1. On average, how much accessible surface per residue is there in the range 1-96, in Å², for a 1.4 Å probe, leaving out ligands, DNA and RNA?
2. For W202 paired with F124, estimate the spin-label separation in nm (one decimal), with each label point 7 Å from Cα along the Cα-to-Cβ line.
3. Please state the shape class of the chain: rounded when a/c is under 1.5, otherwise prolate if a/b exceeds b/c and oblate if not, all from the C-alpha gyration tensor.
4. Using the alpha-carbon centroid of each, what span in Å lies between the range 209-225 and the range 38-115?
5. Along its principal axes, what span do the Cα atoms of the range 37-123 show, with the longest given first and each in whole Å?
6. Stretch R73-A152 to full length: gain in nm at 0.36 nm per residue minus the Cα-Cα span?
7. Considering every Cα-Cα pair within the range 89-230, what fraction, in whole percent, is farther apart than 25 Å?
8. Calculated FRET efficiency, A272 and A163, Cβ-Cβ r, R0 22 Å, to nearest 0.05?
Amino acid sequence: MSHVEREIASQPECWRRALETSPAGLPQRGERVAVVGCGTSLYIAQAYAALREHAGLGETDAFAASEFPAARRYDRVLAITRSGTTTEVLTALERAGGTPTVAVTGDPATPISAAAGTVVDLGFADEKSVVQTRFATSALALLRGHLGLVPADLPAQAEQALAEPLPERATAATQVTFLGTGWTVGLANEAALKLREASGWWAESYPAMEYRHGPISVSGPESLVWFFGPPPIGLLDQVLDTGARTSVSSLDPLADLIRAQRLAVELAKGCALDPDQPRNLTRSIVLGGP
């Protein structure tokens with residue numbers, strides 16, 4: 001069994017631990033917050049930002065760390081970084097100047113501890129695989145818990161997601177599109193990244209209502225269209241009209257992300273690829289000087 005398969009399977013327990021954690025330094029009600037990350041962490045930032053702002057808890061923007069607008073005024077900058085060493089994240093925190101900063105990390109014994117004013121240690125969810133799964137989802141579980149926007153049975157739903165079958169003939173699809181609305185757009189982006197990273201699969205992601213503005217043209221009988229959360233009214237029928245297979249789950253969208261992680265691994269194994277070591281990727285991107 002690969003590292004990533006074990007890490008996917010450990011998510012229910014990781015989420016329980018994350019939901020029992022009450023760290024200091026996280027954004028408070030009413031604060032204007034910027035959330036930064038790279039890759040998977042960016043997409044978790046997108047999900048958290050949408051959840052927080054939609055709940056009326058404060059303006060919240062998510063940025064790729066390399067695109068953080070340091071001249072814009074924020075009350076707090078939150079960084080999400082599994083490795084604690086990613087150059088763009090460290091640079092973004094440095095550019096935050098006197099703004100309070102907090103970082104959620106899987107390894108506090110790294111430069112992130114000096115770069116951030118407060119560090120939230122999720123070392124129990126750190127990973128051996130290059131491909132992120134449990135750290136990212138545990139970080140979002142923690143952040144949702146802090147917002148009070150998490151179902152009490154979320155870890156149980158994670159267990160259900162590990163046991164449920166994948167969508168019918170999912171591994172036979174030659175193209176997969178993930179769709180979300182609101183906070184689940186970030187999850188759709190993350191799911192597509194998992195397929196591309198682990199298996200090199202043709203996977204795309206969009207806000208659900210944007211799908212019909214062009215991307216629907218690539219869907220057909222060999223496609224799978226996966227919704228995170230309920231489909232917008234009328235859209236499911238339009239997808240079915242293309243001949244594509246669909247996935248609509250009653251699980252919490254974060255739990256449903258586990259099923260997408262599992263699909264990524266199954267596709268990788270079907271291509272005789274190592275899902276722990278994606279092509280052209282490393283655990284952390286550390287850039288050299290000019």
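1. Details: 3980 Å² over 96 residues.
It amounts to 41 Å² per residue over the range 1-96.
2. It works out to 4.3 nm between the two label points.
3. On the way: a/c = 1.63, a/b = 1.45, b/c = 1.13.
Here the chain falls in the prolate category.
4. After rounding, the separation between the Cα centres reads 32 Å.
5. Taking max minus min along each principal axis of the Cα atoms, the range 37-123 gives 35, 26, 20 Å.
6. Values: separation 79, 0.36 × 79 = 28.44 nm, distance 3.50 nm.
Answer, rounded to one decimal: 24.9 nm.
7. Values: 4207 of 10011 pairs.
Of all Cα-Cα distances in the range 89-230, 42 percent exceed 25 Å.
8. Details: r = 26 Å, r/R0 = 1.19.
Once the sixth-power term is evaluated, E becomes 0.25.
The values are calculated or read from the model by the stated rules, or taken from the named source; none is laboratory data. Computed from a predicted model, the values in this text were never measured in an experiment. Ideal geometry is used to build each Cβ from the backbone, glycine not excepted, and the neighbour counts take in all protein chains shown. We work out accessible area using only protein heavy atoms, side chains counted, and drop any ligands, DNA or RNA first. Shrake-Rupley method; radii C 1.70, N 1.55, O 1.52, S 1.80 Å.
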